[in-house]
Amino acid sequence: MIELAARGIVLLVTSMVVSTSLARAQQAEPSEREAMYYRYLEFASYVKGGSIEPYWMVDGSSFWYAEGAPENTVIWRVDPNANTKTTLFDTVRLRQALTALLGHEPPYQGLPFAEFSFVEGEKAIKFTVENKDFILQLDNYTITPLPPQSEEERTRHIPQVVWRDVAGRSRLWEVLSPNSSWFAGVRDNNLWLRATNEDRSVQMTVDGIEDYGWSITGAKWSPDGSKVALQKRDYREVPKIPIVHWLMPTVDVERVPMRSGFSRTKAGGPLPRAELYVIDVETRQQVRVDTGEEPDQHVFSVTWRRDGCELLFLRASRMLNKLDLMGADPNTGAARVILTETQETFVGQYMFSELEESKRFMWMSERDGWNHIYLYDMDGNLIRRLTEGGFPVLRIEAVDETGGWLYFTAHAERRLYDTHLYRIDLEGNNFTRLTEGMGGHFIRFAPSQQFFLDTHSNTDRSPTVELRRADGTLLQVLSKAKIDELVNELKWTPPEEFVVKAADGKTDLYGVLYKPYDFDRERKYPVIEYIYAGPQ
C-alpha cells in the first residue's frame, strides 16, 4: 500500500511537471494570430521610405535630407532651381578622414551620422560621432576635432521639459527666443530664463504660488526677443481630481488640478482665471494686458505683429460662441478689438496670417457655414473675401505677396476622402488645384515660396514625396514607400472605402473598413466603430 501510494505520488508529481512544462511551452509559443498582433504593433517598421524631413538651406529653396539611417545613411542635397538631387558628401572620403582621427572604422556602412549643422556660411559642417564633435571643411574634407563638452554644454541648446502629466509624460518644454539667446521656462510656478551661451539662469518673477502661477503654455516671444508674453493662471477655485495610489502600504489619495498642459474643467464648474502679461527681459517689468472684466472667459496668445508693435491674442466667451481677435500695446497693456466672430453654436476653426509687406491679414471663418479665408486690414475692416464655395478650407500653407498668390489646403473635390493644395490670387480670382492623384496631400513650402514638397497617399496607395514648383509643375519624385515587407510578412491588404446612408435615408456617411489579415468571407466578425466624435 505504501509502495502504491508512493508510485501514485510520483505519477501525480510527474503529471504536474509535464502539465506545467506544456503550459509554459504553450505560453512561450504564442499562436500565429497573437504573433501577428505583435508584428502589427510595429506596423511602421515594415514601411521603407515615402517620407522625408527637409532642412532648408540659406537660399530658401535648396534643402537636404537623410535617408537609410542608421545602417546606410545617405544625405541628399536637392536644388529645385536646377532640379537636381545629389549626395551632399563624398562618403568614402569622409569615412577615411574620420577613421584616421578615431583610430578605427566608423560604425555602419554609410555616413556615421544623420544630423549635422552648417557653419561658416555653409562652407563647413559640425557633426557628432561617438559623442565626439567634429568640424568638416567641405572644400578639402579636413576634419578637426572640437574640445570635449560637458553634459551641461551639450544640452545647453536643447529645450528642457518644464511640466509632466500625472503619468510622467513630457507635456511642456521651454520656449526658445527668436534670437536664440534665451529659453523661457517655469520653475516652482515662476518664470525663469535660461541662457544658451553660458551656464546661467535668471528668475524673472517671484510671485508665483501653487495653483496660482506662471504658465509657459502658449508663451510668445516678441520678434526681437526683448519681451515675452505669457499667462499667469489661477486654479484656486477649480476642483481637483482625486488620484488614488492603491499600491502604497496605506492607500493614499492625491488631489491634482484638473489640467494636462492646457486648462480643463467640468461643464458648469469654475474656469481657471487667465491673466495675460508682457515681461521685459532686461528690466523684468511686468505689463498686464487688459483682457476685459468678464471672469468666465478663455484667453489665448496668437502671435506678435511682425514689427513687434502689438501682441495679438484671442478672447473667447465661456460657451465659445463669441471670439474676439485683440491687439495689445506691449508697453501699456491697453487692448483693442480688431474683429469679432459669433455663432449660435460655437466658433470653430480660426487662423491668423499677417501679410509681411502690408498692414493686412488673412482670417479664416465659418460664418457662412463653410470654413473660408477673408482678407482684412489691421483695423478690422474687411477688404474682400478670398475663397468661397460648398467646401471647407483646412489651412493656409503659404502667402506669396510678391507674386500675389495665396496657397491653402481644402476638401474641394466631390471625393470627400481627398485633401488637395489650391491657390487663388489676392484679388480672389484664378482658383486652381495644384496637386494630383486621389488621397491626402501633406504640403511643405520652401521658405522662398517658389517650391513645395507634396507627400501624398491613399488607402490603397503607399506614400510618395514629390517636388513641385509653386504653380504645381512636377519636378521630380524624391521618395516612394516600399511596402513589400508589409504585404509579405504581415499579409496586409489595404482598407476599403465605403459610403452608407444615415438614419434619415438621405445623408451619405463616408468610412473606411479595415479587415483582419486572415479575413474569411464565410465567418462573422465583431465590428469596432471609431468615429469623429470619439471615443479617442
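Would you confirm whether or not segment 224-241 contains a residue that is surrounded by 15 or more Cβ atoms within 10 Å (Cβ to Cβ), aliphatic (A, V, I, L, M) and either within 30 Å of Ala100 (Cβ to Cβ) or touching a helix residue (DSSP H, G or I) at 6+ places or on another chain (Cβ under 9 Å) (or both)?
Within segment 224-241 (the criterion being surrounded by 15 or more Cβ atoms within 10 Å (Cβ to Cβ), aliphatic (A, V, I, L, M) and either within 30 Å of Ala100 (Cβ to Cβ) or touching a helix residue (DSSP H, G or I) at 6+ places or on another chain (Cβ under 9 Å) (or both)), the answer is no, since none of the residues qualifies.
Out of segment 75-91, which residues are over 25 Å from the mean Cα position of the chain (by Cα) and either in contact (Cβ under 8 Å) with a residue 12 or more places away in the chain or surrounded by 19 or more Cβ atoms within 10 Å (Cβ to Cβ) (or both)? Explain how you work it out, then say what you get.
Of segment 75-91, the ones over 25 Å from the mean Cα position of the chain (by Cα) are 79-91.
Of everything in segment 75-91, those that are over 25 Å from the mean Cα position of the chain (by Cα) and either in contact (Cβ under 8 Å) with a residue 12 or more places away in the chain or surrounded by 19 or more Cβ atoms within 10 Å (Cβ to Cβ) (or both) turn out to be Asp79, Pro80, Asn81, Asn83, Lys85, Thr87, Leu88, Phe89, Asp90, Thr91.
Note down all Cβ pairs under 9 Å where the first residue falls in segment 393-409 and is under 10 Å from Ile443 (Cα atoms), the second is of a type in the set (Ser, Thr, Tyr) and not in a strand (DSSP E or B), and they're at least six residues apart or on different chains.
Qualifying pairs under 9 Å: Phe408/Thr387; Thr409/Thr435.
Just one of the numbered conditions (1) modelled with pLDDT of 95 or more; (2) crowded, with 17+ Cβ neighbours inside 10 Å; (3) of a type outside the set (S, T, N, Q) is not true of Asp59; which one?
Every condition holds for Asp59 apart from (2).
I'd like to check which strands (runs of 3 or more DSSP E) are fully inside segment 151-207 and have at least 1 residues that are among the β-branched types (Val, Ile, Thr). Reasoning before the result, please.
Numbers: elements: 161-164, 170-173, 182-187, 190-195, 201-203.
Those strands (runs of 3 or more DSSP E) span 161-164, 182-187, 201-203.
Determine whether segment 240-254 contains at least one residue that is at pLDDT below 90 and closer than 26 Å to Gln203 by Cα.
No, segment 240-254 has no match at all.
Taking Thr217, is it touching a residue at least 40 places away in the same chain (Cβ under 8 Å), touching a Gly at 6+ places or on another chain (Cβ under 8 Å), surrounded by 14 or more Cβ atoms within 10 Å (Cβ to Cβ) and within 21 Å of Asp188 (Cα to Cα)?
Numbers: touching a residue at least 40 places away in the same chain (Cβ under 8 Å): yes; touching a Gly at 6+ places or on another chain (Cβ under 8 Å): yes; surrounded by 14 or more Cβ atoms within 10 Å (Cβ to Cβ): yes; within 21 Å of Asp188 (Cα to Cα): yes.
So Thr217 fits the description; yes.
Conditions first: (1) within 30 Å of Gly121 (Cβ to Cβ); (2) in contact with a Lys or Arg (Cβ under 8 Å, 6 or more places away or on another chain); (3) not polar (S, T, N, Q). His157 passes all but one, so which condition is the exception?
Among (1) within 30 Å of Gly121 (Cβ to Cβ); (2) in contact with a Lys or Arg (Cβ under 8 Å, 6 or more places away or on another chain); (3) not polar (S, T, N, Q), His157 violates only (2).
Condition check: within 26 Å of the chain's Cα centre (by Cα) and part of a loop (DSSP other than H, G, I, E, B). Does Thr250 satisfy that?
Values: within 26 Å of the chain's Cα centre (by Cα): no; part of a loop (DSSP other than H, G, I, E, B): yes.
When the stated conditions are applied, Thr250 does not pass them.
Show me the strands (runs of 3 or more DSSP E) entirely contained within segment 448-527 in which 3 or more residues are surrounded by fewer than 17 Cβ atoms within 10 Å (Cβ to Cβ).
Values: elements: 451-458, 461-469, 474-480, 496-501, 508-513.
Because the criterion is at least 3 residues that are surrounded by fewer than 17 Cβ atoms within 10 Å (Cβ to Cβ), the strands (runs of 3 or more DSSP E) in segment 448-527 that meet it are 461-469, 474-480, 496-501, 508-513.
Go through segment 298-315 residue by residue and tally those that are crowded, with 18+ Cβ neighbours inside 10 Å and either polar (S, T, N, Q) or touching a helix residue (DSSP H, G or I) at 6+ places or on another chain (Cβ under 6 Å) (or both).
Here the count works out to 1.
Within segment 59-86, count every residue that is assigned to a loop (DSSP other than H, G, I, E, B) and either within 23 Å of Leu474 (Cβ to Cβ) or outside the structural domain of Ala124 (by TED's automatic domain parsing) (or both). Can you show your working first?
Taking segment 59-86 first, the residues assigned to a loop (DSSP other than H, G, I, E, B) are 59-62, 68-72, 80-83.
From what's left, either within 23 Å of Leu474 (Cβ to Cβ) or outside the structural domain of Ala124 (by TED's automatic domain parsing) (or both): 59-62, 80-83.
Residues flagged as assigned to a loop (DSSP other than H, G, I, E, B) and either within 23 Å of Leu474 (Cβ to Cβ) or outside the structural domain of Ala124 (by TED's automatic domain parsing) (or both) within segment 59-86 amount to 8.
Taking Trp163 and the conditions (1) surrounded by 15 or more Cβ atoms within 10 Å (Cβ to Cβ); (2) in the same structural domain as Leu88 (by TED's automatic domain parsing), which numbered condition does it fall short on, given that it satisfies the others?
(2)
Residues of segment 376-404 being surrounded by 13 or more Cβ atoms within 10 Å (Cβ to Cβ) and either in a strand (DSSP E or B) or of a type in the set (Lys, Arg) (or both), which ones?
The answer is Tyr376, Asp377, Ile383, Arg385, Val393, Leu394, Arg395, Ile396, Glu397, Ala398, Val399, Asp400.
Here is a list: Gly218, Gly225. Which entry is closer than 17 Å to Val175 by Cβ, in contact with a Ser or Thr (Cβ under 7 Å, 6 or more places away or on another chain), of a type outside the set (A, V, I, L, M, F, W, C) and in a loop (DSSP other than H, G, I, E, B)? Write out each step before concluding.
Numbers: Gly218 fails: in a loop (DSSP other than H, G, I, E, B).
Just one listed residue meets the conditions, Gly225.
Only one residue in Gly428, Gly437 is under 30 Å from Tyr40 (Cα atoms), among the small types (Gly, Ala, Ser), over 22 Å from the mean Cα position of the chain (by Cα) and not in a strand (DSSP E or B). Which one? Full working, then the answer.
Values: Gly428 fails: under 30 Å from Tyr40 (Cα atoms).
The match here is Gly437.
Looking at segment 259-340, what strands (runs of 3 or more DSSP E) fall wholly within it and have at least 1 residues that are β-branched (Val, Ile, Thr)? Explain how you work it out, then say what you get.
On the way: elements: 273-280, 286-288, 297-304, 311-317, 322-328.
Here the list reads 273-280, 286-288, 297-304.
Does Ile443 count as among the aliphatic types (A, V, I, L, M), within 25 Å of the chain's Cα centre (by Cα), surrounded by 15 or more Cβ atoms within 10 Å (Cβ to Cβ) and assigned to a strand (DSSP E or B)?
Criteria met by Ile443.
Which residue pairs have Cβ atoms under 6 Å apart, sit 6 or more places apart or on different chains, and have a first residue in segment 429-449 that is within 24 Å of Phe63 (Cβ to Cβ) and of a type in the set (Phe, Trp, Tyr) and a second that is at pLDDT 95 or above and in a strand (DSSP E or B)?
Filtered contacts from segment 429-449: Phe442/Thr455; Phe445/Glu397; Phe445/Ala398; Phe445/Phe452.
If a residue has to be touching a helix residue (DSSP H, G or I) at 6+ places or on another chain (Cβ under 7 Å) and over 30 Å from Glu466 (Cβ atoms) to count, how many in segment 82-111 make the cut? Break it down into steps so the answer makes sense when it comes.
Step one: filter segment 82-111 for residues touching a helix residue (DSSP H, G or I) at 6+ places or on another chain (Cβ under 7 Å), giving 105-106, 110-111.
Keeping just the survivors that are over 30 Å from Glu466 (Cβ atoms) gives 105-106.
Within segment 82-111, residues that are touching a helix residue (DSSP H, G or I) at 6+ places or on another chain (Cβ under 7 Å) and over 30 Å from Glu466 (Cβ atoms) number 2.
The values are calculated or read from the model by the stated rules, or taken from the named source; none is laboratory data. Nothing here was measured: the structure is a model prediction, and the numbers come from that model. Glycine also receives a Cβ, built like all others from the backbone with ideal geometry; neighbour counts cover every protein chain displayed.
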